[in-house]
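A.B. asks: The structure is given below, and queries will be raised subsequently.
Read-outs throughout are calculated quantities, based only on the coordinates presented, and are distinct from any laboratory measurement. Keep in mind it's a predicted model, so treat the numbers as computed, not measured. Glycine also receives a Cβ, built like all others from the backbone with ideal geometry; neighbour counts cover every protein chain displayed.
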Amino acid sequence: MKLKLYNQNLKICGCDEAGRGALAGPVFAGAVILPKNFYHPLLNDSKKISKKTRDVLKIFIEEHAVSWAVAKISPKRIDKINILNASIEAMHKAIQKINQKIDLIIVDGNRFKKYKDLNHTCIIKGDSKYISIASASILAKTYRDNYMKKISRKESLYRWEKNKGYPTKEHKIKIKKYGLSTYHRKTFKSN
């Protein structure tokens, strides 16, 4: 299915997060406003494209967006307020960095809390329907993956450069063997 613009007459800010299901590392969120003529043939939901394609699209989005931002919420904060609230807080932080007037926020998923006095719409599978949400998902994922690769140099036991902090079988085995690092979330269920 071809991705589309949500509404050509409004300044739309698309939002998505990355890292919600991870055991370690922050949750990241992207917020993006795109021009009306924005197009790239490879653009899709970040989970449906290769790392190489995401890296190409990240640069393209950053160069062509009207405005874009990425924000993160730490594992400690995730443990304090839970992953859903942390994901929404990360999106709010990213939106706050947008340097344009916003007419409407469109968010991937079914949960969001009002940001200031702006209207918003939640769209299930929005990252595979609308270009601004797909673009936000690509920024969130590429920034998070790069962050996890960077911190894996400090905590090489867990192989985050490969699993990005997600609950792979190997990651769970490493947690059982070595315990939790300071980058792990304490509130996940490990079974």
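A.B. asks: Would you check which residues across the stretch 122-134 are in contact (Cβ under 8 Å) with a residue 60 or more places away in the chain and β-branched (V, I, T) and list them?
C.D. replies: Within the stretch 122-134, I131, I133 meet the criteria.
A.B. asks: When only residues in the stretch 6-21 that are in a loop (DSSP other than H, G, I, E, B) and in contact with a Lys or Arg (Cβ under 7 Å, 6 or more places away or on another chain) count, which is farthest from T187 (Cα to Cα)?
C.D. replies: Taking the stretch 6-21 first, the residues in a loop (DSSP other than H, G, I, E, B) are 6-11, 19-21.
Of the ones still in play, those that are also in contact with a Lys or Arg (Cβ under 7 Å, 6 or more places away or on another chain) are 8, 11, 19.
Values: Q8: 41, K11: 37, G19: 14 Å.
The selected residue is Q8.
A.B. asks: List pairs: first in the stretch 98-111 and more than 10 Å from A31 (Cβ to Cβ), second surrounded by fewer than 11 Cβ atoms within 10 Å (Cβ to Cβ), Cβ under 9 Å, 6+ apart or cross-chain?
C.D. replies: D103/N9; D108/I124; G109/I124; N110/I124
A.B. asks: A follow-up question, please. Picking from S152, S137, which residue would you name as being in contact (Cβ under 8 Å) with a residue 24 or more places away in the chain and either under 23 Å from A65 (Cα atoms) or polar (S, T, N, Q) (or both)? Steps first, answer last, please.
C.D. replies: Numbers: S152 fails: in contact (Cβ under 8 Å) with a residue 24 or more places away in the chain.
Exactly one of S152, S137 is in contact (Cβ under 8 Å) with a residue 24 or more places away in the chain and either under 23 Å from A65 (Cα atoms) or polar (S, T, N, Q) (or both), namely S137.
A.B. asks: Which residues, taken from the stretch 155-176, are free of Cβ contacts under 8 Å to residues at least 12 places away in the same chain and touching a helix residue (DSSP H, G or I) at 6+ places or on another chain (Cβ under 9 Å)?
C.D. replies: K162, N163, T168, E170, listed by residue number.
A.B. asks: Another question, then. Can you tell which of I102, I124, I83, I95 is over 25 Å from L57 (Cα atoms) and of a type in the set (V, I, T)?
C.D. replies: On the way: I102 fails: over 25 Å from L57 (Cα atoms); I124 fails: over 25 Å from L57 (Cα atoms); I95 fails: over 25 Å from L57 (Cα atoms).
After applying the criteria, what remains is I83.
A.B. asks: Looking at the stretch 153-191, which of the residues that are closer than 21 Å to A18 by Cα, outside any loop (DSSP other than H, G, I, E, B) and of a type in the set (F, W, Y) is farthest from the chain's Cα centre (by Cα)?
C.D. replies: The extreme case among them is Y158.
A.B. asks: If I go through the stretch 22-31 residue by residue, how many of them are of a type in the set (G, A, S) and either over 17 Å from M91 (Cβ atoms) or assigned to a loop (DSSP other than H, G, I, E, B) (or both)? Steps first, please.
C.D. replies: Step one: list which residues in the stretch 22-31 are of a type in the set (G, A, S), which gives 22, 24-25, 29-31.
With the extra rule that they be either over 17 Å from M91 (Cβ atoms) or assigned to a loop (DSSP other than H, G, I, E, B) (or both), the set shrinks to 22, 24-25.
Total meeting the criteria: 3.
A.B. asks: Hey, another quick one. Looking at the stretch 142-178, which of the residues that are among the polar types (S, T, N, Q) and buried (at least 18 other Cβ atoms within 10 Å of the Cβ) is nearest to T53 (Cα to Cα)?
C.D. replies: Going through the stretch 142-178, the residues among the polar types (S, T, N, Q) turn out to be 142, 146, 152, 156, 163, 168.
Filter again for buried (at least 18 other Cβ atoms within 10 Å of the Cβ), leaving 142, 152, 163.
Numbers: T142: 10, S152: 22, N163: 18 Å.
My answer is T142.
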